[in-house]
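Below is one structure; the comments refer to it alone.
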Amino acid sequence: MLHIYAFSTPNSIKVPIALEETGLEYRLHAVNTKAGDQRTDAFKALNPNAKVPVLVDDSTGTAPFVLTESAAILVHLAERSGRLLPSDPTARARVFEQLFFHASALSPAFGQSGYFQKLAPEKLPAAIARFGDEARRVMRVLDDVLADRTYVAGEAYSIADIAHFGWLWRRAFPGIELEETPHVKRWYDAMAERPAVIKAIAAVEGLVP
């Protein structure tokens, strides 16, 4: 059985979406990040970095296999299921290109923009402007990518789409509007209608007390 330790967060949602898309059996376990559950000794024994999501596979026959970092989990699930990641080297490289773009650009820009707007102990106009501008710039880059592609890595749906969807789903945190990027909006609306996405969102939202 695959056990997923998660909460209703941009990175957590990626894993149940991939699991619903691939049909792999799993069980969700709530880690209330708002209450600080990710900083408990029990959770840090799974992930010393104190972040969700975490995958634990207890069906390996020996010690459970524990995997952290949402992008790594997405790759593992795709390879395990034989879905959502092409075998052709060029197409596969495009998927990884978008995964790394998400990890190095979109995710940190969105996270820092939201933090300085809403969570920082003091308002720092320079930081708010810096990360807000970066979040909008990254969105324009993604919009250009989607101008001539159905999905972010080409014409096939992949784990790269799932990775980007997580933060776009929580775009209210950094204050991002989809209307400024019509190609992203078209893609996001199509993603949001997928049965696996709908089911995964309901599952992670059900973790919130």
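General remarks:
- Condition check for K44: under 19 Å from R171 (Cα atoms), assigned by TED's automatic domain parsing to the domain that holds G61 and out of contact with any Asp or Glu (no Cβ under 8 Å at 6 or more places or on another chain): no
- Residue within the stretch 160-176 that is in a loop (DSSP other than H, G, I, E, B), in contact (Cβ under 8 Å) with a residue 60 or more places away in the chain and of a type in the set (V, I, T) present: yes
- Listed by first and then second residue, the pairs linking a residue in the stretch 105-116 that is in contact (Cβ under 8 Å) with a residue 12 or more places away in the chain to a residue that is polar (S, T, N, Q) and not in a helix (DSSP H, G or I), with Cβ atoms under 8 Å apart and 6 or more places separating them unless they lie on different chains, are S107/N11.
- Residue check for V208: surrounded by fewer than 18 Cβ atoms within 10 Å (Cβ to Cβ), in contact with a Ser or Thr (Cβ under 8 Å, 6 or more places away or on another chain) and within 30 Å of V31 (Cβ to Cβ): yes
- Total residues in the stretch 17-39 satisfying the condition of being surrounded by fewer than 24 Cβ atoms within 10 Å (Cβ to Cβ), more than 13 Å from S81 (Cβ to Cβ) and not hydroxyl-bearing (S, T, Y): the figure is 11.
- The one condition from (1) touching a residue at least 60 places away in the same chain (Cβ under 8 Å); (2) hydrophobic (A, V, I, L, M, F, W, C); (3) under 25 Å from L24 (Cβ atoms) that F100 does not meet is (1).
- Test: residue in the stretch 67-81 that is on the phi > 0 side of the Ramachandran plot, of a type in the set (D, E, K, R) and not assigned by TED's automatic domain parsing to the domain that holds R186: yes
- Test for V184: is it among the β-branched types (V, I, T) and touching a Leu at 6+ places or on another chain (Cβ under 8 Å): yes
- Number of the condition not met by G61 [criteria: (1) at pLDDT 95 or above; (2) on the phi > 0 side of the Ramachandran plot; (3) of a type outside the set (F, W, Y)]: (1)
- Of all the listed residues (L85, L142), the sole one being under 20 Å from the mean Cα position of the chain (by Cα), assigned to a helix (DSSP H, G or I) and of a type in the set (A, V, I, L, M, F, W, C) is L142.
- Yes/no for A42 being surrounded by fewer than 16 Cβ atoms within 10 Å (Cβ to Cβ) and of a type in the set (G, A, S): yes
- Test: A78 is under 19 Å from I13 (Cα atoms), free of Cβ contacts under 8 Å to residues at least 12 places away in the same chain and of a type in the set (A, V, I, L, M): no
- S12 modelled with pLDDT of 95 or more, within 20 Å of V204 (Cα to Cα), assigned to a loop (DSSP other than H, G, I, E, B) and not basic (K, R): yes
- Residues being farther than 24 Å from A103 by Cβ, of a type outside the set (A, V, I, L, M, F, W, C) and either under 15 Å from the mean Cα position of the chain (by Cα) or not in a loop (DSSP other than H, G, I, E, B) (or both) - total across the stretch 38-79: 1
The values are calculated or read from the model by the stated rules, or taken from the named source; none is laboratory data. A quick note: this is a predicted structure, and the numbers were derived from the prediction, not measured. Note that each Cβ is placed from the backbone with ideal geometry, even for glycine, and that neighbours are counted across all protein chains shown.
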